[in-house]
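What follows is a short report on a single structure.
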């Protein structure tokens, strides 16, 4: 087993698989001359791209500049697993604690958001390899099986489109000896996409709509300029604007309120070579193509690509590094990928000869409320939406909507909700932050080993509703 999981990684390339399953557009030149606009958007990931599109749809003559430090889609938006999920607040328990009375409204908004997201992809001719496979939660111990059975019964009673799969049924859907049961949530339009195809498709559309995009352009600082403008200082030029939208997510922000609300958590992933028909037949997954996550604190998430590869991420390889470490030193750490590989073959031992073609990593922005954090400052001239905590593929479009409404682009009653207005507990400073995160991760790992039984530290966090995974 040891040599197997190491040999499988030997010839892998450090590069997200999505980069090889989409046609990359030309990288645009950086900003080199002082400019001005109505709306400046900082960040070329999902939030920034969706914000630019929705602002243009609401005000077609808006003069918009979007800047990106590297190139469009190079951050978490192009490095995730491509799971499209309607959830905006990371589940009912989290919603009820932080935003009491808003669970039903947030559920409706989540459904509406996914419907509109898919409609936009169709309207603008963006083929994102969307597959409406729902989501499937699997149990690999009895405690997990009992837990998801309770979820099934509650969701079924509410009229949700859910299917219970016992051990034999689950293994018939996806053949892993580790599975004891499964809960297949077929509704909500959840499924899988190629995230980079969304990013690069939106880039094309925005350019066609007249948005000015400057890649390779790093923001240094942004400050008020008088009572009606903002001044953004970039590496080689400045931008005067009426409004600024910060879509930097996990990357360190020059705005203190944003910086204190999220921490960057590294996640690591693998992708296999395309499976042969014989390999596919050993697991049977290709028939239903479930998007899978196991019921655990340190859970894995995995799916099939259009060309029948398996992408595999999460688990115990997830890490927060001291003092917000986000340099390339943390990107390609062999031990993280070796752990993922080992856990992959424990789940699918029948794929013993499979090789990994790609390995990659990226940073997730995690907030203390375990979901997106919006905000606005400088008398409504600077807004943000960050901290999606792993569910950004879908929720980022809604975050973009909130952020532009906070800037005055056709605001609705949404910006009056607790979800938008409620203060978010900031992260403590170092070294307490690192100690707390590492202690929590250790406790989560121990709970998984004990069939989900939570120790005193996790019970304390649960009481505060801070039982996050990092």
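The values are calculated or read from the model by the stated rules, or taken from the named source; none is laboratory data. Everything quoted here is computed from the prediction, not taken from an experiment. In this analysis, Cβ positions are derived from the backbone assuming ideal geometry, glycine residues included, and neighbour counts consider all displayed protein chains.
Couple of notes before you dig in:
- Restricting 52, 119 to those that are at pLDDT 95 or above, part of a helix (DSSP H, G or I) and in contact with a strand residue (DSSP E or B) (Cβ under 6 Å, 6 or more places away or on another chain) reduces the list to 52.
- Annotation: residue 172 fulfils all but one of (1) assigned to a helix (DSSP H, G or I); (2) in contact (Cβ under 8 Å) with a residue 40 or more places away in the chain; (3) surrounded by fewer than 18 Cβ atoms within 10 Å (Cβ to Cβ); (4) within 23 Å of the chain's Cα centre (by Cα); the unmet one is (4).
- The residues of the stretch 55-65 that are touching a strand residue (DSSP E or B) at 6+ places or on another chain (Cβ under 6 Å) and either without any contact (Cβ under 8 Å) to a residue 12 or more places away in the chain or part of a loop (DSSP other than H, G, I, E, B) (or both), listed by number, are 62, 63.
- Beta carbons closer than 9 Å, at least 6 apart along the sequence or on distinct chains, pair a first residue in the stretch 271-283 that is without any contact (Cβ under 8 Å) to a residue 12 or more places away in the chain with a second that is part of a helix (DSSP H, G or I) for 277/286.
- On the stretch given as the stretch 14-43, residues that are more than 23 Å from the chain's Cα centre (by Cα) and assigned to a loop (DSSP other than H, G, I, E, B) total 9.
- Of 268, 321, all but one fail to be under 25 Å from residue 373 (Cα atoms), crowded, with 23+ Cβ neighbours inside 10 Å, touching a helix residue (DSSP H, G or I) at 6+ places or on another chain (Cβ under 7 Å) and not assigned by TED's automatic domain parsing to the domain that holds residue 451; the exception is 268.
- Enumeration of residues in the stretch 17-33 that are closer than 24 Å to residue 232 by Cβ and loosely packed, with under 13 Cβ neighbours inside 10 Å: 29, 32, 33
- Which listed residue, of 133, 163, is free of Cβ contacts under 8 Å to residues at least 40 places away in the same chain, over 30 Å from residue 461 (Cα atoms), in contact with a strand residue (DSSP E or B) (Cβ under 6 Å, 6 or more places away or on another chain) and not in a helix (DSSP H, G or I): 163
- Cβ pairs under 9 Å, 6+ apart, first in the stretch 15-30 and free of Cβ contacts under 8 Å to residues at least 40 places away in the same chain, second crowded, with 19+ Cβ neighbours inside 10 Å and part of a loop (DSSP other than H, G, I, E, B): none
- Filtered residues of the stretch 52-93 (kept if crowded, with 24+ Cβ neighbours inside 10 Å and farther than 30 Å from residue 290 by Cα): 52, 55, 64, 66, 67, 68
- If you filter the stretch 175-198 down to residues that are part of a loop (DSSP other than H, G, I, E, B) and in contact with a strand residue (DSSP E or B) (Cβ under 7 Å, 6 or more places away or on another chain), you find that the one that is modelled with the lowest pLDDT is 186.
- Qualifying residue in the stretch 4-12 (condition: within 30 Å of residue 223 (Cα to Cα) and either buried (at least 16 other Cβ atoms within 10 Å of the Cβ) or modelled with pLDDT of 95 or more (or both)): no
- Among the candidates 406, 391, 382, residue that is modelled with pLDDT under 95, buried (at least 21 other Cβ atoms within 10 Å of the Cβ) and on the phi < 0 side of the Ramachandran plot: 391
- Strands (runs of 3 or more DSSP E) fully within the stretch 344-402 counting 1 or more residues that are within 20 Å of the chain's Cα centre (by Cα) and not assigned by TED's automatic domain parsing to the domain that holds residue 51: 356-367
- Within the stretch 66-104, the only residue that satisfies the criterion of being closer than 21 Å to residue 192 by Cβ and without any contact (Cβ under 8 Å) to a residue 24 or more places away in the chain is 91.
- Screening the stretch 204-225 for residues that are closer than 22 Å to residue 21 by Cα and in contact with a helix residue (DSSP H, G or I) (Cβ under 7 Å, 6 or more places away or on another chain) and picking the one that is surrounded by the most Cβ atoms within 10 Å (Cβ to Cβ) gives 206.
- Residue 125 outside the structural domain of residue 414 (by TED's automatic domain parsing) and part of a loop (DSSP other than H, G, I, E, B): yes
- Conditions (1) part of a helix (DSSP H, G or I); (2) surrounded by fewer than 18 Cβ atoms within 10 Å (Cβ to Cβ); (3) free of Cβ contacts under 8 Å to residues at least 60 places away in the same chain: number failed by residue 425: (1)
- Against the list (1) surrounded by fewer than 22 Cβ atoms within 10 Å (Cβ to Cβ); (2) under 30 Å from residue 75 (Cα atoms), the condition residue 199 fails is (1).
- Residue match in the stretch 346-361 (condition: touching a helix residue (DSSP H, G or I) at 6+ places or on another chain (Cβ under 9 Å), surrounded by 19 or more Cβ atoms within 10 Å (Cβ to Cβ) and under 27 Å from residue 462 (Cα atoms)): no
- All positions within the stretch 445-470 that are in contact with a helix residue (DSSP H, G or I) (Cβ under 7 Å, 6 or more places away or on another chain), buried (at least 16 other Cβ atoms within 10 Å of the Cβ) and not in a loop (DSSP other than H, G, I, E, B): 447, 457, 458, 461
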